[in-house]
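Below: the structure, in structure tokens.
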Amino acid sequence: QVQLVESGGGLVQPGGSLRLSCATSHNIGSLNYMGWYRQTPGKQRDRVAIITSDGSTNYNDTLKGRFTISSDNAKNMLYLQMNSLKPEDTAVYYCSAVHRNMNYWGKGTLVTVSS
């Protein structure tokens, strides 16, 4: 079973930046892929970005250019750099991993963009 723990959420002003981190219990190279998703109350969970074990990335088109996903395989860490944040980016952000066709989720970290 893959364990995921997010950190780095908080309150940030519009236009600001934040970096989320996700620690995983597994070697990232052994995972099919990892990703970040976000969810607001009453809405479905949306994909933000994913990264495969070979470093290939894929972004939600509406977020590309402001958000960057990366990983540090030596530390088993996943990151999401978020720039030029907008109030509509307010959500709970979840780290996800797919391993042996099983999908695993962290508990999420809240990001609030507000002045």
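The values are calculated or read from the model by the stated rules, or taken from the named source; none is laboratory data. Please read these numbers as outputs of a predicted model, since none were measured by experiment. For neighbour counting, all protein chains shown are included, and Cβ atoms are generated from backbone atoms with ideal geometry for every residue, glycine included. Surface areas here come from the heavy atoms of the whole protein model, side chains and all, with no ligands, DNA or RNA. Shrake-Rupley method; radii C 1.70, N 1.55, O 1.52, S 1.80 Å.
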Carbon/sulfur accessible area of the chain, % of total, 1.4 Å probe, equals 44
For residue 44 and residue 57, extending 7 Å from Cα along the Cα-Cβ vector and measuring point to point gives, in nm, a value of 2.5
With label points set 7 Å from each Cα along the Cα-to-Cβ direction at residue 86 and residue 32, the distance between them in nm comes to 3.2
Amide H proximity to residue 76 below 5 Å, modelled H, separation 5+ or other chain, gives 28
The chain, Gaussian network, Cα under 10 Å: of 85, 11, 20, the residue fluctuating most is 11
Restricting to Cα pairs under 8 Å and 6 or more apart, the percent relative contact order of the chain works out to 38
The answer for the net charge of residues other than residue 83 whose Cβ lies under 13 angstrom from its Cβ, with Lys and Arg +1 and Asp and Glu -1, is +3
The chain accessible area per residue, 1.4 Å probe, protein heavy atoms, integer Å², reads 54
Cα extents of the chain per principal axis, largest first, Å, are 41, 26, 23
Check: in the range 1-109 the Lys pairs 8 or more apart or on separate chains whose Cα atoms fall under 21 Å apart number 5
